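Here's the structure, in structure tokens; my notes come after.
Read-outs throughout are calculated quantities, based only on the coordinates presented, and are distinct from any laboratory measurement. All of these numbers come straight from a predicted model, not from anything done at the bench. When we count neighbours, we look across all protein chains shown, and the Cβ atoms used for this are built from the backbone with ideal geometry, even at glycine.
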Amino acid sequence: MAVPQFALPGDSLAATSTHTPSTGSHVFASTIHASLAGPVTSAAPSKKTPSPAVSVSSSTSPSTSYTAALPSVNDIILGRITRTNPRQATLDILALGPTGTLVLREPFSAIIRQQDIRATEIDKVKVNESFRVGDIVRGVVISLGDERSYFASTAKNEFGVVLAVSEGGEQMVPVSWKEMREVNGGKTELRKVAKPACVVPRPIGWISTRSSSGHDNLAPYSQFTNLTFDPPYVLFSSNRTPLGHRKDTVNNAQETGFFAWNLATYALREEVNITAQQLDPGEDEFVAAGLEKEDARKIPVKLVKESPVRFECAFDRVIELPGNPPMGTVDIVIGRVLAVHIADNVLTDGKIDIKKTEPIARLGYYEYAVVRDTFEMRIPGTNKALLDGLEGSAKANRSLEKTEEEEEEEEGNIVGHLKRSQSAGAEAALGKVE
């Protein structure tokens, strides 16, 4: 891992096996991360630090390594807003690259014109609602401009404010493409934010658990999906608090070995939202949302009776991934589905009818979607057996495997035999065929 010349909070700097953390950095999962935004330095080894010490400073220093490169058209830049007026924002280009990997020897001036701030509703853009003096902005050079300044743009989704401090001096995090909120105070301010949610829509993991002491818990998670269907596995992920505390859902699932997934629907949208709030310890989300509990058949966890589709799951494992401050470590919980409950009134010809369930999905920030319209598409030139397998039918998939076996036997397809026998070892399979 090459040590960058410039970093934003949470950026990876180096591995602890090759470097020693110093000022402006912290260690997580054997990796040194930046705690500040600024130039990165790597000091030579010493008696106290046998490996190079990596540090981040909030301002430039004589030890910072600079580049004499000049910004060019299409270069991604990092800069600090220095002035704003109703027509444009002026910034100092500090570094080149998505995370500022090349720190410039001298800052270059750039202008972001009102029409270059956003790609849509340009006539409604207000400069003072997009940037504030001091904001760190990611953008792209679109023109060499005049002899005094480059022209830059933040119109694409990935460009905009990446680091900001509120008027009250608090660090801020994005809550939508046009708003940031104080980490502690909760006050929001308008900004043109970089990287709004792109992986959309996302299924909602409305997860119910029971603690080892018998307390029921219910909470929605916007990172949820199925992994396989034969056998069926699902996962959801949960960020820990900035202080490193796990969510109750993760603790309960790991301690008891079980959790349940309940389909979040448009009819239950308000109840889903209520269960997302922080309640006092011991307070029941089912009760707070006015939901009825239903006993599961195979696990000691309550189900949401009003939800038309529910999965009973056995905890399999939890995978930990480092989070960038102020977000905490990410806990990815994987579970195997033991039982599925589907209400009869959402079935049409034996299949779940999306128009009847109306599932809601997360779009990021405060935005959601409801699925009502669907369309069908089949892969051209594909036989019916394969299409049935792609449809998600375990029975059809096994039937498909049997059909292929029979065809291979008839054609004497040795390669097919080898592929099916890989788990036993290719050499053993080859000997068997011979």
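Here the simple spin-label model places points 7 Å from the Cα toward Cβ, and for ALA119 and PHE229 these points are separated by 3.3 nm. All other residues whose Cβ lies under 9 angstrom from that of VAL162 are scored, Lys and Arg at +1 and Asp and Glu at -1, for a net of +1.
Net length available on complete extension from ASP349 to SER212 is 45.2 nm, with 0.36 nm assigned per residue and the Cα-Cα distance removed. Ranked by the mean number of other Cβ atoms within 10 Å of their residues, highest first, the peptides 211-224, 151-164 fall in the order 151-164, 211-224.
How much net charge surrounds ILE122 when only other residues with a Cβ under 15 Å from its Cβ are counted (Lys, Arg +1; Asp, Glu -1)?
Residues close to ILE122 contribute a combined charge of +4.
Once the C-beta distance of GLU306 and SER109 is scaled by a Förster radius of 56 Å, the resulting FRET efficiency is 0.45 to the nearest 0.05. Label the stretch 204-339 by shape, choosing from rounded, prolate and oblate, from the square roots a ≥ b ≥ c of the eigenvalues of the Cα gyration tensor; if a/c is under 1.5 it is rounded, and otherwise prolate applies when a/b is larger than b/c, oblate when it is not. Note, shape of the stretch 204-339 comes out rounded. If the segment from GLN278 to HIS245 were pulled out straight at 0.36 nm per residue, it would be longer than the present Cα-Cα gap by 10.5 nm. Taking the average, over residues, of other Cβ atoms within 10 Å as the packing measure, peptides 87-97, 277-287 rank 87-97, 277-287 from highest down. What translational D, rounded to a whole number of µm²/s, comes out for the stretch 76-190 from Stokes-Einstein when the hydrodynamic radius is the Kirkwood one over Cα pairs, at 10 °C and 1.306 mPa s? Reported coefficient: 112 µm²/s. Taken along the Cα-to-beta-carbon direction at a fixed 7 Å, the label points for VAL287 and ILE342 span 3.5 nm.
Which value in nm describes the separation of the simple spin-label points at THR374 and LYS356, placed 7 Å from the Cα toward the beta carbon? If labels sit at THR374 and LYS356, their model points lie 1.1 nm apart. Charge tally around GLU271: other residues with Cβ under 11 Å, Lys/Arg +1 each, Asp/Glu -1 each, net -3. Residues of the stretch 338-375 with an amide N closer than 20 Å to a point placed 7 Å from the Cα of ASP295 along the Cα-to-Cβ direction: 338-343.
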